[in-house]
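Remarks on the structure that follows.
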There are 2 protein chains.
Amino acid sequence: MDVAKLAGVSHQTVSRVLNDHPNVTEQTRLRVRAAIAELGYRPNRAARALATGKSQVIGVVAQNSTLYGPASTLAALAQAATGSGFTISVESVRTLERAPMHAAVSRHLDQRVAGLVVIAPVDSANEVLDQIPSDIPLVCIDGDPQRSTELVTVDQEAGGYAATRHLLDKGHKTVWHVSGPEDWFDSRGRVAGWKRALAEAGAEIPPVMAADWSAAAGYHAGQVIARMKEITAVFAANDHLALGALRAFHEHGRRVPEDISIVGFDDVPEAEFYIPPLTTVRPDFEAVAAATLELLHDQIVSGTTEGQRRVIAPTLITRQSVSAPRKRR
Amino acid sequence: MDVAKLAGVSHQTVSRVLNDHPNVTEQTRLRVRAAIAELGYRPNRAARALATGKSQVIGVVAQNSTLYGPASTLAALAQAATGSGFTISVESVRTLERAPMHAAVSRHLDQRVAGLVVIAPVDSANEVLDQIPSDIPLVCIDGDPQRSTELVTVDQEAGGYAATRHLLDKGHKTVWHVSGPEDWFDSRGRVAGWKRALAEAGAEIPPVMAADWSAAAGYHAGQVIARMKEITAVFAANDHLALGALRAFHEHGRRVPEDISIVGFDDVPEAEFYIPPLTTVRPDFEAVAAATLELLHDQIVSGTTEGQRRVIAPTLITRQSVSAPRKRR
DNA sequence: GGACGCAATGTGAACGCTAACACTATGGGC
DNA sequence: GCCCATAGTGTTAGCGTTCACATTGCGTCC
């Protein structure tokens with residue numbers, strides 16, 4: 001109202017200028033802009049949200065974790081949002097079970113968020129997606145590739161394939177795999193890629209060594225592997241598992257890469273400084289975030305769900321933890 | 001209105017029930033609760049924010065980074081907020097310079113956040129604090145210890161002291177330090193603690209080896225240190241620096257801890273699986289987050305700034321990267 | 001027994017914005 | 001010269017809450 005008075009127009013005209021409506025003379029537009037600047041006026045988002053029923057906020061549901069993948073995704077999302085005029089509101093859940101996930105989604109809906117991003121890397125988290133009203137723009141990150149929801153994900157399968165293929169190409173007879181938790185889609189995708197590469201090459205498919213994402217699990221798996229002298233190549237489902245394995249190998253006197261080669265996944269910033277520098281697969285989290293926001297934006301603008309999905313290809317980063325196997329005897 | 005009609009009361013009474021006002025009969029309270037449940041009514045936060053001028057949202061300004069410290073703080077904050085009925089809204093800045101920080105703060109104020117948390121680990125970020133209107137609850141994390149703002153921080157100085165003292169206690173003549181960036185308060189605090197421990201013990205104070213937080217920088221510093229055979233103990237300003245140094249030592253054939261001892265800072269989850277397992281200082285990010293929210297909550301409730309500060313003591317975690325120095329000759 | 005205080009509830013307005021419609025010029029077609 | 005379409009602007013109402021004040025009913029005190 002103050003701005004309107006100063007500019008000598010009605011409040012509605014001010015609103016039109018604010019929202020870039022077409023039917024405003026350039027002259028009045030400038031007058032209003034000047035008044036806005038003079039008064040240092042800033043629109044009240046809450047009032048706008050009340051009037052329109054939508055805010056400029058994107059709700060994110062993510063697990064509270066310092067796992068590199070999820071944390072990086074979240075950071076990239078926040079950065080991308082800032083650029084696009086949206087604000088990220090995070091509801092953090094302690095576990096990915098249905099109840100807490102559902103509660104987090106509800107809290108977001110109470111805030112009348114413009115859109116929702118759910119990072120749902122496991123089955124239980126994925127199920128809540130069904131319960132979300134379909135009139136709200138929704139994008140799922142790292143969800144079930146089988147689902148029809150709008151989905152953005154790193155191409156885990158391609159990553160697993162590339163890692164395994166790289167080892168096979170170096171001449172290894174087969175490749176063992178230390179996997180992430182079985183209920184993670186990420187794990188399963190990486191396993192699938194690994195299997196495909198082995199099958200394609202006609203290599204023997206060893207049993208999967210199931211672990212979680214921790215260095216401790218990698219260490220334990222590494223101790224087992226170190227004792228099996230016939231193993232010359234390992235694909236670890238992430239860098240921290242690889243780190244743990246690296247230490248186990250070290251303690252057992254198995255040199256990397258001379259005696260055994262290993263490839264990780266994630267390319268954490270310090271992977272280059274493991275002993276030895278780790279060959280790994282680098283997902284592009286910025287691309288994931290950008291694609292997510294783009295899909296969300298399309299839905300917000302068009303108001304429709306298009307069932308689109310984006311799969312972001314990762315890159316193999318070769319360093320010194322891989323070499324050709326030694327000729328035996 | 002619907003709830004009020006169903007319960008046979010006025011909308012205002014519904015509001016009172018929602019806000020736990022004292023002057024409502026237990027009987028009406030139950031009736032309203034029942035109506036709420038039956039209709040599946042959920043309050044509209046935007047309307048509430050408009051009416052009260054405050055939302056239940058806490059704005060966080062943080063740098064977009066995957067550095068372990070800031071990322072962990074953010075995660076802990078999100079978790080703590082969820083428990084206390086607040087929502088965390090994150091504005092991510094690419095750099096900690098004044099302009100972007102200021103813009104991020106402004107965006108938060110537009111949203112009428114109930115309180116503001118600024119993670120301001122460097123000078124430039126700290127300066128924007130002065131420009132924030134004093135009527136909004138504000139807590140600064142990792143800010144300038146000299147300032148009077150409400151501040152929560154890890155006791156960097158104590159951590160640096162503990163790390164250094166631990167090495168001296170083992171019998172090392174002195175301790176070298178690979179520090180973080182000079183403009184970070186964290187770095188300066190750790191340096192100060194290191195110096196105090198040395199001074200107290202009457203040990204020689206070597207020049208600070210300035211680096212950033214990266215493993216690469218640690219590696220470079222490590223190469224220099226490895227060549228100086230008289231160095232037997234190093235305190236690295238974080239675990240990733242230590243990791244880089246560890247590799248440099250390895251490449252130069254300097255064994256850890258036999259030839260040289262090293263202590264890190266942060267206790268990243270995988271530090272236990274470095275080669276060798278790293279002795280380090282563990283900050284308590286959950287405690288930081290909890291203290292931050294508590295301070296913020298006090299301000300929101302009381303409406304006053306009390307100039308309080310909380311300094312969270314870190315813990316020394318001893319592992320195998322430290323031992324007594326070898327007797328020379 | 002009447003005045004008073006307080007607990008419980010209701011009423012109307014306000015928060016700052018946008019949606020929907022109403023109005024006023026202006027210009028073009030016949 | 002009249003009508004109509006349209007661009008530009010104004011007016012009114014409503015979004016869902018809370019606030020400030022008004023009202024009612026009941027118990028207490030002298």
message: Being under 30 Å from A:ALA120 (Cα atoms), more than 13 Å from DNA strand D (Cβ to nearest atom), small (Gly, Ala, Ser) and free of Cβ contacts under 8 Å to residues at least 40 places away in the same chain is the requirement here; does A:SER72 meet it?
response: no
- request: Give the residues of the range B:278-297 that are in contact with a helix residue (DSSP H, G or I) (Cβ under 8 Å, 6 or more places away or on another chain), open to solvent by 10 Å² or more (accessible area, probe 1.4 Å) and either acidic (Asp, Glu) or within 15 Å of B:THR318 (Cβ to Cβ) (or both), sorted by residue number.
  value: B:GLU286
- prompt: Which residues, counting only those in the range A:214-253, are farther than 30 Å from A:PRO70 by Cα and surrounded by fewer than 19 Cβ atoms within 10 Å (Cβ to Cβ)?
  reply: A:ARG227, A:MET228, A:LYS229, A:GLU230, A:GLU251, A:HIS252, A:GLY253
- prompt: With (1) in the same structural domain as A:ILE225 (by TED's automatic domain parsing); (2) not in a helix (DSSP H, G or I) as the list, and A:ALA163 as the residue in question, which single condition is left unmet?
  reply: (2)
- prompt: Residue check, B:ALA324 against (1) touching a Ser or Thr at 6+ places or on another chain (Cβ under 9 Å); (2) not in a loop (DSSP other than H, G, I, E, B), all met but one. Which one?
  reply: (2)
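Residue under question is A:ALA51, and the condition is that it be open to solvent by less than 40 Å² (accessible area, probe 1.4 Å) and either within 16 Å of DNA strand C (Cβ to nearest atom) or outside the structural domain of A:SER214 (by TED's automatic domain parsing) (or both); does it hold?
Details: open to solvent by less than 40 Å² (accessible area, probe 1.4 Å): no; either within 16 Å of DNA strand C (Cβ to nearest atom) or outside the structural domain of A:SER214 (by TED's automatic domain parsing) (or both): yes.
Taking the combined requirement at face value, the residue does not satisfy it.
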query: Looking at A:SER89, is it assigned by TED's automatic domain parsing to the domain that holds A:ALA125 and outside any helix (DSSP H, G or I)?
result: yes
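For the range A:13-32, give me each residue that is open to solvent by 80 Å² or more (accessible area, probe 1.4 Å) and within 12 Å of DNA strand D (Cβ to nearest atom).
A:ARG16, A:HIS21, A:PRO22, A:ASN23, A:THR25, A:GLU26, A:GLN27, A:LEU30, A:ARG31
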task: Taking the residues in the range A:92-110 that are surrounded by fewer than 23 Cβ atoms within 10 Å (Cβ to Cβ) and outside any helix (DSSP H, G or I) as candidates, determine which candidate is nearest to the other protein chains (Cβ to nearest Cβ).
output: A:ARG94
Test for A:ASP155: is it open to solvent by less than 50 Å² (accessible area, probe 1.4 Å) and within 14 Å of another protein chain (Cβ to nearest Cβ): no
statement: The number of residues in the range B:232-253 that are within 19 Å of B:ALA192 (Cα to Cα) and at the interface with chain A (Cβ under 9 Å from one of its Cβ atoms) is 1
- request: For the range A:14-37, state whether one or more residues are within 14 Å of DNA strand C (Cβ to nearest atom), at pLDDT 90 or above and either assigned by TED's automatic domain parsing to the domain that holds A:ASP183 or within 18 Å of B:SER106 (Cα to Cα) (or both).
  value: yes
query: Would you call A:ALA35 more than 9 Å from every other protein chain (Cβ to nearest Cβ), more than 30 Å from A:LEU96 (Cβ to Cβ) and open to solvent by less than 20 Å² (accessible area, probe 1.4 Å)?
result: yes
statement: With the first residue restricted to the range A:40-58 and required to be within 7 Å of chain B (Cβ to nearest Cβ), and the second required to be of a type in the set (Lys, Arg) and in a helix (DSSP H, G or I), Cβ contacts under 8 Å at 6 or more apart or on different chains are A:SER55/A:ARG45; A:SER55/A:ARG48
- request: Name, by its number, the condition in (1) near DNA strand C (Cβ under 9 Å from one of its atoms); (2) open to solvent by 30 Å² or more (accessible area, probe 1.4 Å); (3) under 27 Å from A:ILE300 (Cα atoms) that does not hold for A:MET1.
  value: (3)
- prompt: In the range A:162-180, how many residues are touching a residue at least 40 places away in the same chain (Cβ under 8 Å) and under 26 Å from the mean Cα position of the chain (by Cα)?
  reply: 10
task: Considering only the range B:298-310, state which residues are of a type in the set (Val, Ile, Thr) and buried (at least 16 other Cβ atoms within 10 Å of the Cβ).
output: B:ILE300, B:THR305
task: Return only the number of the condition from (1) open to solvent by 30 Å² or more (accessible area, probe 1.4 Å); (2) within 7 Å of another protein chain (Cβ to nearest Cβ); (3) away from DNA strand C (no atom under 16 Å from the Cβ) that A:GLN79 does not satisfy.
output: (1)
task: Would you check if B:GLY160 is of a type outside the set (Asp, Glu), within 24 Å of B:MET228 (Cβ to Cβ) and open to solvent by less than 20 Å² (accessible area, probe 1.4 Å)?
output: yes
- prompt: If you take just the strands (runs of 3 or more DSSP E) that sit entirely in the range A:167-273, which of them hold at least 3 residues that are of a type in the set (A, V, I, L, M) and over 19 Å from B:LEU246 (Cβ atoms)?
  reply: A:233-236
task: Give the number of residues within the range A:59-76 that are within 7 Å of another protein chain (Cβ to nearest Cβ) and in contact with a strand residue (DSSP E or B) (Cβ under 6 Å, 6 or more places away or on another chain).
output: 1
task: State whether one or more residues within the range B:298-310 are touching a Gly at 6+ places or on another chain (Cβ under 7 Å), in contact (Cβ under 8 Å) with a residue 24 or more places away in the chain and not assigned by TED's automatic domain parsing to the domain that holds B:GLN79.
output: no
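The values are calculated or read from the model by the stated rules, or taken from the named source; none is laboratory data. Keep in mind it's a predicted model, so treat the numbers as computed, not measured. Glycine also receives a Cβ, built like all others from the backbone with ideal geometry; neighbour counts cover every protein chain displayed. Note: accessible area is taken over every heavy atom of the protein model, side chains too, but ligands, DNA and RNA are not part of it. Shrake-Rupley method; radii C 1.70, N 1.55, O 1.52, S 1.80 Å.
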